[in-house]
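**Student:** Mind looking over this structure? Questions follow.
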Amino acid sequence: MSNREKILSTATELFFRNGYQQTSVDDILALCGVAKSNFYYHFKTKEDLACVVLDQKFEDYEALMRTSLSGGTVEAGKRLERFFEGLCDMQTEMYRYSGCPFGNFAAALADDDCEQSERFRIRLSYFFRRIEGYLHACLLQGISEGAFRDDLAPLDLAQHLIASIQGSLMLAKTFRDCDILKTGLTTVRKLLEKPA
């Protein structure tokens, strides 16, 4: 593993275990065993490192959304179920109940309008909009198939679905129990169904 990869791997673990604000460059270097000069060869600042970490986490989500939510001949309800299953797998295997990397980061942002917070806010907004876009397209197809309710705007449903997912991920993180996530996602799926 290269020094850059060591830094990224360690930073990812510490940012999502301890939080961005509570993790210093020295904490990262002490754990990964890389010299400070090497850190600054690869990353100008801790903020730049955090942006790369967030981009990598988004690539994980993007891959999941592409394989589960994107078009094809599979009905929308089944695609949504695959997405939910993928989220559960990510929590138990990849993130070890650490919640959503984007939700965690957003919750830890300072309330002020400093340049650093704004840079993260813009990046996180983009990520959530991308997720919203995938969900919106899937919901539109589900409505056209007659499987999902059509009495609410699909975009509003997509935004509510993201909020529900974030809440379920936070509870799964708090209780370290993926059943909470599974139950929350199953409930949301039932609420989307068109009444008989």
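**Student:** Answer yes or no: is there a residue in the stretch 147-170 that is part of a helix (DSSP H, G or I), in contact with a Pro (Cβ under 7 Å, 6 or more places away or on another chain) and either open to solvent by less than 30 Å² (accessible area, probe 1.4 Å) or of a type in the set (A, V, I, L, M) (or both).
**Tutor:** There is no residue in the stretch 147-170 that is part of a helix (DSSP H, G or I), in contact with a Pro (Cβ under 7 Å, 6 or more places away or on another chain) and either open to solvent by less than 30 Å² (accessible area, probe 1.4 Å) or of a type in the set (A, V, I, L, M) (or both).
**Student:** Tally time: how many residues in the stretch 17-28 are open to solvent by less than 20 Å² (accessible area, probe 1.4 Å) and either more than 23 Å from LEU124 (Cα to Cα) or in contact (Cβ under 8 Å) with a residue 60 or more places away in the chain (or both)?
**Tutor:** 2
**Student:** Within the stretch 180-196, track down each residue that is part of a helix (DSSP H, G or I), open to solvent by less than 90 Å² (accessible area, probe 1.4 Å) and of a type outside the set (S, T, N, Q).
**Tutor:** ILE180, LEU181, GLY184, LEU185, VAL188, ARG189, LEU192
**Student:** Being in contact with a Lys or Arg (Cβ under 7 Å, 6 or more places away or on another chain) and modelled with pLDDT of 95 or more, is that true of even one residue in the stretch 40-57?
**Tutor:** Looking for residues that are in contact with a Lys or Arg (Cβ under 7 Å, 6 or more places away or on another chain) and modelled with pLDDT of 95 or more, one finds at least one in the stretch 40-57, hence yes.
**Student:** Any idea which of (1) within 17 Å of THR186 (Cβ to Cβ); (2) surrounded by fewer than 18 Cβ atoms within 10 Å (Cβ to Cβ); (3) of a type in the set (Lys, Arg) is the one ARG79 doesn't satisfy?
**Tutor:** So the condition that ARG79 fails would be (2).
**Student:** Can you name the residue in the stretch 99-125 that is over 16 Å from ASP55 (Cα atoms) and aliphatic (A, V, I, L, M) and, of all such residues, is surrounded by the most Cβ atoms within 10 Å (Cβ to Cβ)?
**Tutor:** Only one residue fits best here, namely LEU109.
The values are calculated or read from the model by the stated rules, or taken from the named source; none is laboratory data. Just so we're clear, the structure is a prediction, and the values are computed from it rather than from any experiment. Here Cβ is always computed from backbone atoms with ideal geometry, including for glycine, and neighbour counts include all displayed protein chains. Protein only, heavy atoms only, side chains kept; ligands, DNA and RNA dropped before computing areas. Shrake-Rupley method; radii C 1.70, N 1.55, O 1.52, S 1.80 Å.
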